[in-house]
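Structure record follows, encoded as structure tokens.
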Amino acid sequence: MTTPLQPADTIQVLDDGSLVQSGPNSDRLYLMKPGRADNDALAAELVETAREEGRTKIFAKVPELRGLPFVDVGYVEEARVPAFYHGQHDAIFFAYYLDDARAAEADAPRLDAILDTAVQEPVDPLPAPLEARFAIRPCVPADVEAMSRLYRKVFASYPFPIHDPAYLAATMAEHVAYYAVEADDRIVALSSAEMDLADANAEMTDFATHPDWRGRGFARRLLARMERDMKARGIKTAYTIARAASPGMNITFGRAGYAFSGRLKNNTQIAGDLESMNVWHKPLWRERPRARHRRGWAPTPGR
């Protein structure tokens, strides 16, 4: 049975060009990309807007070079992705809590244990090829109906309207590369790379496998294919915002050589619940030793 999804939160472009998502689904205001405004004004304006809308959290993704005004207003760093912009400058993932309860994780010990397992995973070489009956390929517009059905099957809620074929078609035409695993001409698993070509980064996201086809390592193979294609497109840094409560997804990124860089507390409405999310990152433009961060990770003092 397909589970109907809750409505996704909405995205708008502010007058200064900032890209912001807001709504009751994740009960947050999310600054996806700051615009041209003075950050002193933007940081405070977001707090005012969140209060007016009754949101309990602000999540802001900001270049480190523009981060000080957010710290001054009271935002806290929850994660950091090195070389996020053009392979050179870090991104800080800030949080501002308008309700202290939103910052408290009831299941923190369990999430810590999952993370400990994931960061201790040995980094694997490229995964073995799929069996001959399976194939990985980029998705095309003709796939959007089948894609939406699979996403509806897997997720009871999601922060973006991936259950909507029109949304899938629009993002596919603009900045998102979707990938599918096929079995007998049927899509059984999906993922996507949300590309920011101007800043040379991509979010590896939207992983979903049909319940009847789980346990075959599709996510790891989809990730490897996306990394290869993103590198060819000039993407320098890959990252993900993965469900902290999902052992499988965190282990997938740990094995693929991603470094953990912070947890976003009670951040995202997904699969029917408000969940904390782990941030992982990996440079695609050059190889370097993997940082082995464990649950004792903390943001750099004073940043």
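The values are calculated or read from the model by the stated rules, or taken from the named source; none is laboratory data. This is a predicted model, so every value here is computed, not measured. Ideal geometry is used to build each Cβ from the backbone, glycine not excepted, and the neighbour counts take in all protein chains shown.
Some notes on this structure:
- Residues being surrounded by 14 or more Cβ atoms within 10 Å (Cβ to Cβ) and touching a helix residue (DSSP H, G or I) at 6+ places or on another chain (Cβ under 8 Å) - total across region 158-175: 10
- Pick from region 132-144, criterion among the hydrophobic types (A, V, I, L, M, F, W, C) and assigned to a loop (DSSP other than H, G, I, E, B), ranking: farthest from Ser261 (Cα to Cα): Ala132
- Of everything in region 250-277 that is modelled with pLDDT of 95 or more and of a type in the set (A, V, I, L, M, F, W, C), the residue that is nearest to Leu98 (Cα to Cα) is Leu264.
- Leu31 being farther than 18 Å from Ala238 by Cα, assigned to a strand (DSSP E or B), modelled with pLDDT of 95 or more and aliphatic (A, V, I, L, M): yes
- In region 215-260, residue surrounded by the fewest Cβ atoms within 10 Å (Cβ to Cβ) [restricted to those that are farther than 21 Å from Ala113 by Cβ and among the basic types (Lys, Arg)]: Arg228
Every residue, every condition in (1) among the basic types (Lys, Arg); (2) touching a strand residue (DSSP E or B) at 6+ places or on another chain (Cβ under 7 Å); (3) closer than 17 Å to Asp199 by Cα; (4) touching a residue at least 60 places away in the same chain (Cβ under 8 Å), yes or no:
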{"site": "Gly23", "(1), (2), (3), (4)": "no, yes, no, no"}
{"site": "Met32", "(1), (2), (3), (4)": "no, yes, yes, no"}
{"site": "Arg51", "(1), (2), (3), (4)": "yes, no, no, no"}
{"site": "Val71", "(1), (2), (3), (4)": "no, no, no, yes"}
{"site": "Gly87", "(1), (2), (3), (4)": "no, yes, yes, yes"}
{"site": "Asp90", "(1), (2), (3), (4)": "no, yes, yes, no"}
{"site": "Asp100", "(1), (2), (3), (4)": "no, no, no, no"}
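- Set side by side, the residues Pro122, Pro109, Pro129, Pro159 differ, and just one is over 20 Å from the mean Cα position of the chain (by Cα), in a loop (DSSP other than H, G, I, E, B) and within 22 Å of Phe260 (Cβ to Cβ), which is Pro122.
Residue by residue, here is whether (1) buried (at least 19 other Cβ atoms within 10 Å of the Cβ); (2) under 26 Å from Thr240 (Cβ atoms); (3) touching an Asp or Glu at 6+ places or on another chain (Cβ under 6 Å) holds:
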{"residue": "Gln21", "(1), (2), (3)": "yes, yes, yes"}
{"residue": "Lys33", "(1), (2), (3)": "no, yes, no"}
{"residue": "Glu48", "(1), (2), (3)": "no, no, no"}
{"residue": "Phe70", "(1), (2), (3)": "yes, yes, no"}
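- Qualifying residue in region 146-157 (condition: outside the structural domain of Ser261 (by TED's automatic domain parsing), closer than 27 Å to Arg255 by Cα and either loosely packed, with under 13 Cβ neighbours inside 10 Å or β-branched (Val, Ile, Thr) (or both)): no
- Candidate set from region 117-139 (those that are in contact with a helix residue (DSSP H, G or I) (Cβ under 8 Å, 6 or more places away or on another chain) and of a type in the set (D, E, K, R)); member that is surrounded by the most Cβ atoms within 10 Å (Cβ to Cβ): Glu121
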